[in-house]
Amino acid sequence: MTSWLSGYGSVLDLVLLNCGLALSQFVVLRAGVFSVATPALASIGAYTAGIVTLRTDAGAGTGLLAAAAMGTAVAVILSVPLARLRGVFQAIATVAFSQIVLSLALYATDLTGGANGLNGIPRLIGTTQLLLWAAAVVYVLICLSRARIGYAFDAIRQDETVAVTLGISAVGHQTLAFALSGAIAGVTGALMAYHNRSVAPEEFGFGMLVTVLAYVVLGGRRSVLGPLAGATLLTLLPELARPLSDNRLIVHGAVLMLVIIYLPHGIVDTLLIAYRRRATAAARASLPIDEVSDGPA
Amino acid sequence: MGQLELAGVSRRFAGVEAVRNLSMTVESGRITGLIGPNGAGKTTVVNLVTGLLKLTSGRIRLDRQDIGERPPHEVARLGIARTFQNIRLLKEASVIDNIVVGFHRSDPTSFVAQTLGLPSVRRTRAGLEQRAHELLRDFAMDEYAQCLAGELSYGHQRRVEIMRALAVDPQVLLLDEPVSGMNDVEAAELGAMFRRFAERELAVLVIEHNMQLVMTLCDELYVLESGELIAHGPPEQVRNDARVVEAYLGGELC
């Protein structure tokens, strides 16, 4: 078991890191915010952890805490102007935000190392820590989704007007979703820095933005399992399709297209909906006949 | 308790005055009707009361407390719940989840408990689901609890929306065309139910086009036309008001 794991260790690490990013993206989408700020927030976390460790010799714990705090703080500040926007305008605003963060990383050379990025960060974490982090995030998100906050997120996403007339503060919950997303992205970014031993600005560019969004689109944005499935599949796919060499990206794109067309809720959510339909159909079949006849039109 | 009071309420959309200088009272224990031809501004009134639209001028008070400037979620927490003219359920969610979400303001679990998944969260949820089942039984719909809300018939969807509004535990219930698209038997059934809400000291405001129901059900009627109040009083008085008859193109009132 251990030897098998070590053979695939680097791929597993990559899957776990990408799961972290996918969950950060998932939280905001679940609360009905069309933000794509996750890569930018992750880069803030990565730079924070890298700078803290390189300048102060602080351990991973301090770096991760600082990254979580920075990610959360920036996300909460970002949520203030975004609360005035809806839908695709939020997406455009967060793309702009990502470009600003990227430019700062490139031009604040004294702090960030500019185009060279940060190098020589000690490797402070291994697969175990990545596994613990992913498990902790999944646990918290599952707990939240079964509690009042999860119900509120779902209500806001499906119909914000209904949510507010039921006494749910849309702005409050979306700020909370941003804070969670920022914390998750910040820590995941820091783990990337400690894992890769370097931070390069172009890692967190438009490419990652599209990929992370694809994780959630592919897997599903309602169940916590969705982004996990999406991130795992899209991370493993290039590995599995290795024999196709240069055509790998075509397979990647084709899979995404097929899922968007045939499974618009994403893989996991589509399966859950189908399962639920069958369960209610069974429950309905057990009703008395006259009840069924005045049931669904 | 639970008196809703509008004083000189106006709302202007660009050049159009959708509601002009409207004053009305919705009292607890009574069913108040708001009627008028299409486009008279009835739904605008509901949107103003619930805070979804901002007042151009005037005041709205709940138990003498000014609520005219408050955001919608605060208005709801003070005890004003509503249904929508075009049913707005959470279609991806089950019937029971649609009702449970209405209990939002009476769920006391702390953020930490929710984050860590402490047992109190599960207990609270179970309690809320219990209350939702009680509501479903009141409406003779308990067997539909696990169905997806979007798959129910029209009449049943309306009932779920009313249950969700009741889950907010309101003092004032605003029903925007609650029996539209229903036959007379179904409408009378719901009417009897609204009467029971009023008997439980709720202040009920009904916007409705079904004249037969409005005339038999309401204790008091307000008639709007082009945003202006043209008549007000008990149904038998309003029925014979010359301006009301004219607004409805004569003779349509039974």
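When the Cα positions of A:S24, A:P243, B:I87 are compared along the charge dipole of the protein assembly as shown, A:P243 comes out farthest toward the positive end, with charges on each C-beta of Lys, Arg, Asp and Glu.
Looking at the square roots a ≥ b ≥ c of the eigenvalues of the Cα gyration tensor of the stretch A:45-198, which shape do they give, rounded for a/c under 1.5, prolate if a/b is larger than b/c, or oblate? Write out the running numbers ahead of the final one.
Working: a/c = 3.06, a/b = 1.59, b/c = 1.92.
Here the stretch A:45-198 falls in the oblate category.
GNM on chain A, alpha-carbon springs under 10 angstrom: the most fluctuating residue among A:V224, A:V28, A:V80 is A:V80. Loop-located trypsin sites (Lys or Arg not before Pro) across the stretch A:1-98 with a Cβ neighbour count of 10 or fewer within 10 Å are A:R84, with loop assigned by DSSP.
What does the helix-only formula give at 222 nm for the protein assembly as shown: each DSSP H stretch with n ≥ 4 adding -39500 (n - 2.57), the total divided by the residues, and the result rounded to the nearest 500 deg cm²/dmol?
Working: 25 runs with 320 residues, N = 551.
Counting only the DSSP helices, I get -18500 deg cm²/dmol.
Using the Cα centre of the protein assembly as shown as origin and beta-carbon charges of +1 (Lys, Arg) and -1 (Asp, Glu), tell me which of A:A68, B:V185, B:N38 is placed farthest towards the positive end of the dipole. Result: A:A68. Simple rule: put +1 on each Lys or Arg Cβ and -1 on each Asp or Glu Cβ in the stretch B:192-251, find the dipole, and look at B:V238, B:F194, B:L221; the Cα lying farthest toward the positive end is B:F194.
Let me confirm one metric for peptide A:151-163, namely the mean number of other chain beta-carbon atoms within 10 Å of its residues' beta-carbons. Mean number of neighbouring Cβ atoms from other chains: 5. Within the stretch B:57-96, the trypsin sites (Lys or Arg not before Pro) that combine a DSSP coil assignment with at most 11 other C-beta atoms in a 10 angstrom radius are B:R64. Here B:E236 and B:E129 are evaluated by their C-beta separation; at R0 = 41 Å the FRET efficiency comes out at 0.40.
Simple point charges give the picture: +1 on the Cβ of Lys and Arg, -1 on the Cβ of Asp and Glu, and for the protein assembly as shown a dipole about the Cα centre of about 1500 debye. Placing +1 on the Cβ of every Lys and Arg and -1 on the Cβ of every Asp and Glu, with no other charges, gives the stretch B:1-111 a dipole of roughly 300 debye about its Cα centre. For the stretch A:11-72, chymotrypsin sites (Phe, Trp or Tyr not before Pro) are listed when DSSP marks them as loop and at most 14 other Cβ atoms sit within 10 Å of their Cβ; the list is empty. For the stretch A:100-107, 3J(HN,Hα) computed residue by residue from phi via the Karplus equation (6.51, -1.76, 1.60; θ = phi - 60°) reads 5, 4, 4, 5, 4, 4, 6, 9 Hz, glycine and proline entered as x.
About its Cα centre, the dipole of the stretch A:182-283 is roughly 460 debye, where the only charges are +1 on Lys and Arg Cβ and -1 on Asp and Glu Cβ. Give the long-range amide H neighbours of B:G29: residues separated by 5 or more places, or on another chain, with amide H under 5 Å away, using H modelled in the peptide plane at 1.01 Å from N. Amide H to amide H, under 5 Å and 5 or more residues apart or across chains, B:G29 pairs with B:E201, B:L202, B:A203, B:V204.
All of the numbers you see were taken from the coordinates with simple rules; none came from a lab. Keep in mind it's a predicted model, so treat the numbers as computed, not measured. Glycine also receives a Cβ, built like all others from the backbone with ideal geometry; neighbour counts cover every protein chain displayed.
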